[in-house]
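Chemist: One structure is given below, represented as structure tokens, and several questions about it will come after.
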Amino acid sequence: MQVDYRLRAEDTVDSPALLVYPDLVQRNIACMVRWAGGPQRLCPHVKTHKTRQIVDMLLGAGVQRHKCATLAEAELLALAGAPQVLIAYPLVGPKLQRLAELIRRYPATRFATLVDHPGSLAALAEVMRQGGVTVGVLVDLNVGQHRTGVAPGPAAAALYRQAATLPGVRPEGFHVYDGHNNAVDPQHRHATAQQFWQQVLALRQQLEHMGLAVPRLVVGGTPSFPVHCRWQDIPGLECSPGTFVLYDAGYGSKYADLAELTPAAVLLTRVVSRPQPDRVTFDLGTKAVAADPPMDRRVRFCHLDNYTVVAHNEEHLVIQTDQADQFQPGDTAYALPGHVCPTVALYRELLVVRNGCVVDRWEVVARDRRLTI
Ligand SMILES: Cc1ncc(COP(=O)(O)O)c(C=O)c1O
């Protein structure tokens with residue numbers, strides 16, 4: 001969808017700023033609920049937006065289960081009244097005590113976390129037991145990303161059985177994140193997923209034959225979402241995309257099968273210098289837009305076609321373009337972030353735009369690592 005992101009009264013809004021368009025967020029959420037076949041088959045990741053207002057929109061759409069990576073995000077979700085929260089990160093060290101406190105403090109929310117190692121499972125269970133609480137655990141299956149998790153085989157089965165014997169933890173299913181499954185061709189993503197699904201479902205069956213329930217399968221991110229959401233007949237499947245809610249230029253330029261999504265967060269920037277005839281410098285440094293994509297993919301300017309990013313420093317982004325004459329210091333421009341999730345985390349607040357006007361500010365509450373616990 002072609003969107004005109006421009007503000008009507010630009011002069012009153014300082015830059016750099018991250019603008020968010022609630023109508024587009026709502027549209028992306030509706031699209032995901034429809035693709036998933038209902039909100040009960042979603043467990044979206046809050047890390048993309050970290051804001052209370054977007055959590056409220058998801059709850060309003062009927063999404064009960066939510067995923068997060070940090071304890072601050074978990075607390076934000078609990079404060080918003082999310083019924084179920086999965087902390088999809090291996091918790092170690094002082095985080096175990098913090099988790100016990102979180103569970104005590106928010107009894108209306110049912111919390112779960114991941115395990116992928118017998119030692120860390122035992123440590124988690126012991127701290128929960130001592131704290132007088134119980135946490136759900138999902139065994140984190142390594143289906144090819146090789147970042148965390150245990151291969152879907154005998155070690156994973158043993159871990160699940162171990163969880164079933166320990167007080168303080170409650171085995172609830174598998175976490176199956178396929179971050180490596182990001183080929184441009186959707187057929188390729190489908191084939192990759194089919195391979196690991198066979199192993200995951202065989203493992204589930206094996207445990208069920210032993211009398212252990214494996215109710216939840218929390219699966220994937222945005223690129224594999226169109227693949228997994230087609231398997232409507234797998235019981236307990238919950239898709240866990242994050243980026244979909246705000247979407248960005250990185251995924252937008254790569255995945256034709258996600259074309260129904262619309263970027264809902266846009267950077268407002270200004271020209272600060274014209275150091276050479278073919279160069280334009282914007283106030284969009286690495287402290288204003290995430291620097292994890294390669295330099296030429298960190299931003300995509302709207303209304304500008306031929307340019308190359310030639311430098312990106314803390315407070316400056318320099319492009320080279322044969323259209324440089326069109327820009328003077330002070331001019332505004334709009335740009336889509338290449339990777340929206342870490343870009344959001346650079347801002348204390350998102351400026352909320354309706355009908356071309358900034359009408360509100362949403363605090364990025366969980367950009368810090370700690371709220372109150
Ligand atoms: C464990 C986990 N689940 C879900 C997601 C969401 O993925 P995406 O941002 O591609 O939607 C991520 C992304 O980093 C993740 O690490």
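Chemist: Out of 25, 33, which single residue is under 20 Å from residue 358 (Cβ atoms), at pLDDT 95 or above and in contact with a helix residue (DSSP H, G or I) (Cβ under 7 Å, 6 or more places away or on another chain)?
Modeler: Details: 33 fails: under 20 Å from residue 358 (Cβ atoms).
Exactly one of 25, 33 is under 20 Å from residue 358 (Cβ atoms), at pLDDT 95 or above and in contact with a helix residue (DSSP H, G or I) (Cβ under 7 Å, 6 or more places away or on another chain), namely 25.
Chemist: Quick check: anything in region 176-189 within 20 Å of residue 121 (Cα to Cα), of a type outside the set (S, T, N, Q) and within 13 Å of the ligand (Cβ to nearest atom)? Steps first, please.
Modeler: Going through region 176-189, the residues within 20 Å of residue 121 (Cα to Cα) turn out to be 176-177.
After this cut, where a residue has to be of a type outside the set (S, T, N, Q) as well, the list is 176-177.
Cutting the leftovers down to within 13 Å of the ligand (Cβ to nearest atom) gives us 176-177.
Scanning region 176-189, I find at least one residue that is within 20 Å of residue 121 (Cα to Cα), of a type outside the set (S, T, N, Q) and within 13 Å of the ligand (Cβ to nearest atom), so the answer is yes.
Chemist: Which residues, taken from region 138-158, are part of a helix (DSSP H, G or I) and surrounded by 22 or more Cβ atoms within 10 Å (Cβ to Cβ)? Steps first, please.
Modeler: Applying the first criterion (part of a helix (DSSP H, G or I)) to region 138-158 yields 154-158.
Correct list: 156 only.
Chemist: Within region 138-173, track down each residue that is within 30 Å of residue 183 (Cα to Cα) and among the β-branched types (Val, Ile, Thr).
Modeler: Listed by number, the residues that qualify are 139, 143, 148, 150.
Chemist: Taking the stated definitions as given, is residue 179 surrounded by fewer than 18 Cβ atoms within 10 Å (Cβ to Cβ) and within 30 Å of residue 80 (Cα to Cα)? Talk me through it step by step, then tell me what you get.
Modeler: On the way: surrounded by fewer than 18 Cβ atoms within 10 Å (Cβ to Cβ): yes; within 30 Å of residue 80 (Cα to Cα): yes.
So residue 179 fits the description; yes.
Chemist: Related question: Regarding residue 85, is this residue touching a strand residue (DSSP E or B) at 6+ places or on another chain (Cβ under 7 Å) and touching a residue at least 12 places away in the same chain (Cβ under 8 Å)?
Modeler: For residue 85, the condition - touching a strand residue (DSSP E or B) at 6+ places or on another chain (Cβ under 7 Å) and touching a residue at least 12 places away in the same chain (Cβ under 8 Å) - is met.
Chemist: Name every residue in region 248-280 that is buried (at least 21 other Cβ atoms within 10 Å of the Cβ) and more than 16 Å from the ligand (Cβ to nearest atom), in order of residue number.
Modeler: 266, 267, 268, 269, 280, listed by residue number.
Chemist: Still on this model: Looking at the structure I just gave you, is residue 82 among the aliphatic types (A, V, I, L, M) and either crowded, with 16+ Cβ neighbours inside 10 Å or assigned by TED's automatic domain parsing to the domain that holds residue 133 (or both)?
Modeler: Working: among the aliphatic types (A, V, I, L, M): yes; either crowded, with 16+ Cβ neighbours inside 10 Å or assigned by TED's automatic domain parsing to the domain that holds residue 133 (or both): yes.
Against the criterion (among the aliphatic types (A, V, I, L, M) and either crowded, with 16+ Cβ neighbours inside 10 Å or assigned by TED's automatic domain parsing to the domain that holds residue 133 (or both)), residue 82 qualifies.
Chemist: Does residue 292 satisfy the criteria of being assigned by TED's automatic domain parsing to the domain that holds residue 349, surrounded by fewer than 18 Cβ atoms within 10 Å (Cβ to Cβ) and within 12 Å of the ligand (Cβ to nearest atom)? Before you say what the answer is, go through the steps one by one.
Modeler: On the way: assigned by TED's automatic domain parsing to the domain that holds residue 349: yes; surrounded by fewer than 18 Cβ atoms within 10 Å (Cβ to Cβ): yes; within 12 Å of the ligand (Cβ to nearest atom): yes.
Answer is yes for this residue.
Chemist: Now a separate question. Sort out which residues of region 42-70 are away from the ligand (no atom under 15 Å from the Cβ) and either farther than 30 Å from residue 97 by Cβ or among the hydrophobic types (A, V, I, L, M, F, W, C) (or both), and write them in order of number. Give the steps one after another, and end with the answer.
Modeler: So in region 42-70, the residues away from the ligand (no atom under 15 Å from the Cβ) come out as 51-53, 55-57, 59-62, 64.
Scanning region 42-70 gives 53, 55, 57, 59, 60, 61, 62.
Chemist: Right, next: Do we find a residue being in contact with a strand residue (DSSP E or B) (Cβ under 7 Å, 6 or more places away or on another chain), more than 16 Å from the ligand (Cβ to nearest atom) and hydrophobic (A, V, I, L, M, F, W, C) anywhere in region 235-246?
Modeler: No.
The values are calculated or read from the model by the stated rules, or taken from the named source; none is laboratory data. All values reported here derive from a predicted model rather than from experimental measurement. For neighbour counting, all protein chains shown are included, and Cβ atoms are generated from backbone atoms with ideal geometry for every residue, glycine included.
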